[in-house]
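Colleague: Let me give you the structure first, and then I'll get to my questions.
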Amino acid sequence: MTTSKSTQAIVPNCHVIKIGGSTLANLSQAFIKSLKRRVDAGQNLIIVHGGGPDINSALAEQGIVSEIVNGIRVTTPEMIHTIRNILIGDVNARLVGKMNASGISSAGLSGFDGVFASNYLDHQTYGEVGVVTEVNAKKFQLLLKAGIIPVVACVGTTIEGTPLNINADTLASGIAAGVQAESLLLVTDTPGIKKDGETVRSVSEQEIRKWIANGIIYGGMIPKVQAALDCLEAGVRAVQITDDTLMGTTVKAVNPLLTRPIKEVHTNA
Ligand SMILES: Nc1ncnc2c1ncn2[C@@H]1O[C@H](COP(=O)(O)OP(=O)(O)O)[C@@H](O)[C@H]1O
Ligand SMILES: CC(=O)N[C@@H](CCC(=O)OP(=O)(O)O)C(=O)O
């Protein structure tokens, strides 16, 4: 469950787009252009990014082996500073640079900039891993009103200033819930959830639970589907899991006549 709450009013016409580390290195110009078109059309975009492959390389260079449990990296104190530096100093800087160079006025942020608050997810199981506890929707809104697209690295901080590694899907979901975004788009290296080699168009919560249990959904897809379900539960109306070639095909996952969302996650097929 997303435990985040918003301190301020919702951000209107807001769409949260999470770009996975799997996709960042080869992000197409067409995808960046599609972001620009959305901004030019008046959408308030909030970009959240991961960086799993960059973290893997940096840790490997130091001879550190990390364990992934349910798609979440168990993070030890010896890893956390490298992870923070890679995500904020390297991955975030590269993405923000690319966006600004493409005419999208953007600024890099993380939990250290006060756009969200976080705390330990489960210290005993995952170590220095965080979860969003509060979203500063007002701050996001101020940036967006000034024409600045927030690009958020998945690094949080405790109230004491200790850095926390947050799974980027989990962070995107927490932010989308906190600003009451109209949609959450999880961009990854697969066109959607696959079953028996085929990309499925939509899945229900029941199917997700079953497919996790029987191994059809595994690894990095687990935090994605959990993020999607949390978002729908929190009132975000459309969630899509897609690759970077299929922008603009988000399917609404809620019947607007209903007050409660239909728990259905749409993927591209
Ligand atoms: N049922 C599934 N359908 C598609 N991909 C899946 C599925 N189950 C697990 N995966 C894995 O999830 C990966 C995407 O997650 P991840 O590597 O963490 O991407 P990202 O860096 O974009 O967050 C896919 O490349 C695939 O290996
Ligand atoms: C706690 C946790 O799992 N953190 C992730 C943060 C990066 C991430 O989520 O990157 P992707 O979007 O590429 O998966 C990690 O350490 O890999």
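Colleague: So who's got an amide H within less than 5 Å of the one on Phe116, skipping anything under 5 residues away but keeping other chains? H placed 1.01 Å off N, in plane.
Modeller: Distant-sequence amide H within range of Phe116: Asn136.
Colleague: Shifting gears a bit: Could you identify which residue out of Ile148, Ile86, Ile64 has the top mean-square fluctuation in a GNM of the chain using Cα springs shorter than 10 Å?
Modeller: Sorting by GNM fluctuation, first place goes to Ile64.
Colleague: Can I ask one more? Positive end of the dipole of the range 5-267, charges at C-beta (+1 Lys, Arg; -1 Asp, Glu), about the Cα centre: which of Thr170, Gln206, Ala146 has its Cα farthest in that direction?
Modeller: So the residue furthest toward the plus end is Ala146.
Colleague: Using a Gaussian network model on the chain with a 10 Å cutoff between Cα atoms, which of Asn119, Asn56, Asn167 fluctuates the most?
Modeller: Of Asn119, Asn56, Asn167, the most mobile in the Gaussian network model is Asn56.
Colleague: Which FRET efficiency, nearest 0.05, do Thr158 and Asp90 yield, Cβ-Cβ r, R0 30 Å?
Modeller: Efficiency, from the Cβ-Cβ distance: 0.85.
Colleague: Follow-up. I'd like the carbon and sulfur percentage of the solvent accessible area for the chain, probe radius 1.4 Å, heavy atoms only, ligands and nucleic acids excluded.
Modeller: Carbon and sulfur together cover 52 percent of it.
Colleague: Taking only DSSP H segments of four or more residues, each worth -39500 (n - 2.57), what value at 222 nm results for the chain once the sum is divided by all its residues, to the nearest 500 deg cm²/dmol? Walk me through the numbers before you get to the answer.
Modeller: Details: 10 runs with 90 residues, N = 269.
Roughly -9500 deg cm²/dmol at 222 nm, from the helical runs in the chain.
Colleague: Let me ask you something else. Search the structure for amide H atoms under 5 Å from the amide H of Ser202, placed 1.01 Å from N in the peptide plane, and list their residues when 5 or more places away or on another chain.
Modeller: Thr267
Colleague: Next question, about the same structure. Would you list the P(r) distribution for the range 7-141, with all Cα-Cα distances sorted into 10 Å bins from 0 and each bin expressed as a whole %?
Modeller: In whole percents, the pair-distance histogram is 10, 37, 35, 16, 2.
Colleague: Positive end of the charge dipole of the range 5-267 (Lys, Arg +1 and Asp, Glu -1 on Cβ, about the Cα centre): tell me which of Asn119, Val74, Ile46 has its Cα farthest that way.
Modeller: Positive-end residue among those listed: Ile46.
Colleague: Tell me, what is the FRET efficiency for Glu134 and Asn13 to the nearest 0.05, using R0 = 25 angstrom and their Cβ-Cβ distance as r?
Modeller: That gives a FRET efficiency of 0.65.
Colleague: Relative to a virtual label point 7 Å from the Cα of Glu61 in the Cα→beta-carbon direction, which members of the range 137-163 show backbone nitrogen distances below 20 Å?
Modeller: It comes to 153-155, nothing else.
Colleague: What is the distance, in nm, between label points placed 7 Å from the Cα along the Cα-to-Cβ direction at Ser102 and at Arg209?
Modeller: Each label point is offset 7 Å from its Cα along the Cβ direction, giving 3.9 nm.
Colleague: Taking only protein heavy atoms into account and a 1.4 Å probe, give the accessible area per residue of the chain in Å². Don't skip to the answer; put the middle values down first.
Modeller: Values: 11750 Å² over 269 residues.
With all protein chains present, the chain gives 44 Å² per residue.
Colleague: Which percent of Cα pairs goes in each bin when the distances of the chain are cut into 10 angstrom slices starting at zero?
Modeller: Each 10 Å bin holds this share of Cα pairs: 7, 33, 39, 20, 2, 0.
Colleague: Same structure, new question: Can you pick out the pairs among Lys98/Lys195; Lys98/Lys224; Lys33/Lys224; Lys18/Lys194; Lys36/Lys195; Lys36/Lys210 whose Cα atoms lie more than 31 Å from each other?
Modeller: Lys98/Lys195; Lys36/Lys195; Lys36/Lys210
Colleague: Still on this structure, I have one more. Give a quick list of GluC sites (Glu not before Pro) in the range 29-111 that DSSP marks as loop, anything other than H, G, I, E or B, with at most 14 other Cβ atoms within 10 Å.
Modeller: The qualifying sites are Glu67.
Colleague: Could you identify which residue out of Ile72, Ile216, Ile166 has the top mean-square fluctuation in a GNM of the chain using Cα springs shorter than 10 Å?
Modeller: Among Ile72, Ile216, Ile166, the largest mean-square fluctuation in the Gaussian network model of the chain belongs to Ile216.
Colleague: Starting from the range 135-212, pick out the GluC sites (Glu not before Pro) whose DSSP state is loop and whose Cβ has at most 12 other Cβ atoms within 10 Å.
Modeller: Working: sites: Glu160, Glu182, Glu198, Glu205, Glu207; in loops: Glu160, Glu182.
Sparse-neighbourhood loop GluC sites (Glu not before Pro): Glu160.
Colleague: Another question about this same structure. Please get the size of the charge dipole for the range 85-180, origin at its Cα centre, with Cβ charges of +1 on Lys and Arg and -1 on Asp and Glu, quoted in debye to the nearest 20.
Modeller: 480
The values are calculated or read from the model by the stated rules, or taken from the named source; none is laboratory data. No experiment lies behind these values; they were computed from the predicted model shown. Positions of Cβ are backbone-derived with ideal geometry, glycine not excepted, and every protein chain shown enters the neighbour counts. Ligands, DNA and RNA are stripped out before the accessible areas are found, and what is left, the full protein with its side chains, is counted by its heavy atoms. Shrake-Rupley method; radii C 1.70, N 1.55, O 1.52, S 1.80 Å.
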